[in-house]
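These notes concern the structure reproduced below.
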Amino acid sequence: MDGSEDSSCSRGCFPLGSGSRMLENREEELTTVRVQDPRVQNEGSWNSYVDYKIFLHTTSKAFTAKTSCVRRRYREFVWLRRQLQRNAGSV
C-alpha cells in the first residue's frame, strides 16, 4: 500500500455527526469507514486497474488522526481479506 492521498479526499471527508453515545459515563469509541468513488486508472492500456476512495473517521483514542482519506486498489482489499482470514484464529 503506497499511502497515496487523493486531493479530492479533503473535500469529501465527512464529520461523524451525532453518532457518539454515552455508555456508563464513558464515550463509546466509534469508527466509520466508507468505500466509494471507484475509478478506472490507465483506462485503455494493458495495465488499467480500479481504485476506490476510502474515508475513515473515528473517535478512538488509538488513532492520532481522527479523519483519513486515501485511494486504494481492489487487489489491496483482496490482500486485506486474506490477512484477516489467516489471522482469524488468533484473534
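Miscellaneous remarks
- Amide H contacts under 5 Å for Tyr49, placed H, 5+ residues apart: Gln41
- Most tightly packed first, judged by the mean number of other beta-carbon atoms within 10 Å of their residues, the peptides 45-52, 67-74 read 67-74, 45-52.
Where a number appears in this text, it was derived from the coordinates with a stated rule and is not lab data. All values derive from a computational prediction rather than experimental measurement. All Cβ positions, even for glycine, are placed from backbone atoms using ideal geometry, and neighbour counts span all protein chains on display.
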